[in-house]
1. Which angle from 0 to 90°, rounded to the nearest 10, does the C-alpha axis of helix A:12-22 make with the longest principal axis of chain A?
2. How big is the Cα convex hull of the range A:276-348 in projection, averaged over all directions, in nm²?
3. Could you tell me which residue out of A:Gln168, A:Ser319, A:Asn50 lies farthest along the dipole of chain A toward its positive end? Charges go on the beta carbon: Lys and Arg +1, Asp and Glu -1, centred on the Cα centre.
4. Can you work out ³J(HN,Hα) from phi for every residue in the range A:447-461, in order, using Karplus 6.51 cos²θ - 1.76 cosθ + 1.60 and θ = phi - 60°, giving whole Hz and x for Gly and Pro?
5. Equivalent ellipsoid semi-axes for the range A:441-529, as square roots of 5 times the alpha carbon gyration tensor eigenvalues: give them largest first, rounded to whole Å.
6. How large are Rg and Dmax for the range A:453-597 when calculated on the C-alpha trace, in angstrom?
7. Could you state the accessible area per residue of chain A in Å², with a 1.4 Å probe and every protein chain left in place?
8. Among the lysines, select those whose C-alpha is under 30 Å from the C-alpha of A:Lys404, and discard any that sit fewer than 8 residues away in the same chain.
Amino acid sequence: MSLPDRFDIAGESRIYERWLDAGCFHAEARRSVRAGGDREPFTIVMPPPNVTAILHLGHGLDNIAQDVLIRWARMSRQETLWVPGTDHAGIATQNVVEKLIAKEGKTRFDLGRDAFVRRTEAFVAETGGTILRQLRAIGVSADWSRTAYTLSPALSRAVREAFVRLHQDGLIYRGHRVIHWCPRCLTSLSDEEAEFHDETGALYHIAYRISGGADRASGTRRALTIATTRPETMLADVALAVNPADERYRDLVGATVVLPILDIEIPIIADEYADPAFGTGVVKITPAHDANDFEVGRRHGLAMPVVIDANGVMAEDASSTGRVPDLVRGDDRVVARRKIVQALQDSGALVTTESHQHAVRHCYRCDTVVEPRLSDQWFVTMAPLAAPALAGLRSGAIRILPQKWEGVYVHWLENIRDWNISRQLWWGHRIPVWYCKECDPPYDVHVSRTDLTACPRCDGPVRQDEDVLDTWFSSWLWPLSTLGWPDEKAEDLRAFYPTDVLVSAPDILFFWITRMIMSGYYFAGRSPYHTVLLHGIARDAEHRKMSKSLGNGVDPIDVVRLYGADALRWTLVSGMGLGSDILLDPNDLEKTFAPGRNFVTKLWNIGRFLLDKAGTAPVTPLRNIDANQLHRSDAWILSRLDAAVAECDDAFGPLRPVTPASGPDPVRWTDAERGSGMRLNDLAESARRFVWSELADWYVEAIKGRVIEGGADGEVARAVLVHVFDAALRLLHPIVPFVTEEIWRQLPTHTEGTFLASAAWPTGDRAAGDRAAGDRAAGDRAARAHEFDLVREAVGAVRQIRSEYAVPPGKHIDAVAVVNGATRDIARVFTEEADLVERLSRTALRVSDAAPQGAAAHAVLSGGTSLVVPLADLVDVDKECARLRGELAALEKQYVALEARLSNEKFVSKAPPDVVDGERRKLAAWSARRQQLRDKVQTLCVS
RNA sequence: GGGCGAAUAGCUCAGUUGGUUAGAGCGCCUGCCUUACACGCAGGAAGUCGGGGGUUCGAGUCCCUCUUCGCCCACCA
């Protein structure tokens, strides 16, 4: 059997199907040590994409990072579970469906709640889950049998349980206050959902005429000037506030001013909230339309008239009769602002307008400027939940990579604010609260795990709260609910909770990641994971964030079609530096993804060489090869493999913390472990370098002759090649699973029905052959491996010289290794490896104790041997002399500096002995080289 | 406004507790269709380690300062 010329990317889906058929991605709870099995569990819960989402590069990045970890864990013989699923995505999905019915000229209110929810369910049933299918195309190895959905009955049960428990524990309450309101989505938002954007607006200075009590004022002041960015809210002003310590206005406290336009009198009050240093030191108080003013209003028992309605339109209600003039009634707040400013200007009340830079909150789903709105909402008291989450990070039970985010996490938790969890939407989990109309007092609140049809107390009719819960109130339970909580005996919960790693972009650190930690501690007593891995985001060549609106995105499915999933994965993983964003050029997919495709092809071609030239006959296991039969190149590649495995292990770091700890989490990260591992780009680079620069460039080239010739020695080379390549495929499988699986199944060592996806991760152990032969052989092998480095060095030096003197590739020339008594071992290496050197460099190498006469190029090899290539008629003497003189001058300069350093007593006495020794050896080598160069210049250039 | 991080080759980044002549990938230049691979092979050029000051025998690495970017948070109306 042999491989086709190219790896067929169209065959990736067939490989995926084979994995599915074999159940490679399925986890068994009973195999977990926590459930009586014999394997450590390793679990990741996938950040659930919105159920209506289409795969974009952000998902790709996130899931590929997880897949690399999951495949590594699986190969490391962990009972590996990756839980996939989707999020019902309250606002987002509702918005999508609203847009859909808007095309039919309808609003959700035309349909009514039940019909709208049914319509949304139908839409989700029809289009939902597309993204999960797309994830398969990029090789995501999740356990699809456990696919979860936040709005499923099972997860809804968890949501209700969480709400009821928190309520029973007094951590959920109904609050009347000013919250963030999106006038487009018609719902309240949490602090996190109202995002700040810096904007340049205007700061309007408005004069309020002093009307009452002014005669007590000492000055001649007639008016107070305030500054505001939102003049339209002045219609709801109920006071002006000054700081009680502010001398300028002390005598005005208690006086009244006239509110412009409306001509109503409002008091001047004293409150700490007014900052004497800002503006004029006077601030207008609008309790219903500003969160701070609300607090001031509450402190002073002020009225709270509302002049802007839910749609962001100027309107009166019972609280604000007479406060919205015809001028602006029915106008959008933006229009109203213009009109109010004009009216103020006309009446002379507008003192001045200045440009003002400030941060304005926007709805995170639709980007509308949010409106502070007075309303009743359900809140979660967060401080008690935050405490264990903080302690978990501080004790080392949790780590966040990159670690700079740990400070951000701590800061947020230390300043945590209560969480508004009610949303005035129809798509989501209905709040499990029922109000009784008949009870005394009326509207008594009943919170229940089951739907209520009658009041539990008076058996009267009840009405369920109209609102739904924040989407994140279901997703913050994800690691628990997907594993079966609240059933504490659930098999999966016992076997796989706590999970291990949470992978995400940093933008949902507070929305989701931190809240999951809080719910994990609260409901299960343990952090849901020990590692949070935050990767960067995808940006284009100009470093702009990829986004739909900019149209600068890369469609992962396009990339899969054009270059294959492995090429996509390779590019993303190798660009995934810890803490850095990943840059991709959407206008040049070839440039961006060719390196991945090229690497896949390189792997494929090594496979082709192996199968074409080494054949598919059963191969001798490496452990049956006598260590004495190993050539220097064999020993070398085996030691390079060991190094590569060690590097890859370092790149991943430890699977989990194991150091015992006190507190709720039994183990913790040590300081040394805490920042280690999760360097997936290092993994890619280490594996690539091994395969390409060492295995392909040197080992395969070195053994070609032996393998093609066959025989006993050919079989030794073949055994080593198969062993090393097999291990390399294992190291690379987490990154490029498709091509490695396809090659691996054709290796002579492959057993029908086995998969690389569930094969063992290579151990950093010395190769099996050495263990059998003992430490002595291992030592010999290390020495022989080192000798191959001399061969590589000689080949490199000769190539360099040939290139420098433009010796035609086909022309065979000679080289002489000049050795003396001290370098006899090296002489033996060159004598024995002369054929190899000649094949790799097209240059015959012989050993001599004297340099040949005449023009020649020199190279100094480690060990002190000098390599001399007679140039005969190849050299341009003038050019060579110029080069030699340049080299000599550079060397002299460095030599003098080093000599001075070594004659510095402080250096010799204070620097570590090995450093000093190293410098001395270097000086000796330079000395020899200098002499050599001087001799060369003498013989060649003095004419 | 508060806090955090970054600045090293044209680009993207490594550089462990200060210690050989600062590295890699991509790009660039030169030569090669050498019996797996031109999606390849071999060789090469290229950096005052953001500026300034300090500590030290020795600083890309430690300290101070300035500049420029980035991120998180925040009720200065």
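1. The angle comes out near 80 degrees.
2. On the way: hull surface 24.4 nm².
Seen from a random direction, the Cα hull of the range A:276-348 projects 6.1 nm² on average.
3. Farthest along the dipole direction, towards plus: A:Asn50.
4. Once θ is set to phi - 60°, the couplings for the range A:447-461 become 9, 9, 6, 10, 5, 9, 10, 8, 5, x, 9, 10, 6, x, x Hz.
5. On the way: eigenvalues 216, 60, 19 Å².
So the three semi-axes of the range A:441-529 are 33, 17, 10 Å.
6. In Å, with Rg to one decimal and Dmax whole: 21.8, 73.
7. On the way: 40350 Å² over 943 residues.
Normalised by residue count, the accessible surface of chain A is 43 Å².
8. Qualifying lysines at Cα under 30 Å: A:Lys545, A:Lys548.
The values are calculated or read from the model by the stated rules, or taken from the named source; none is laboratory data. This one's a predicted model, so the numbers in the text were calculated from it and none came from an experiment. For neighbour counting, all protein chains shown are included, and Cβ atoms are generated from backbone atoms with ideal geometry for every residue, glycine included. Ligands, DNA and RNA are excluded from the accessible area calculation, which covers all protein heavy atoms including side chains. Shrake-Rupley method; radii C 1.70, N 1.55, O 1.52, S 1.80 Å.
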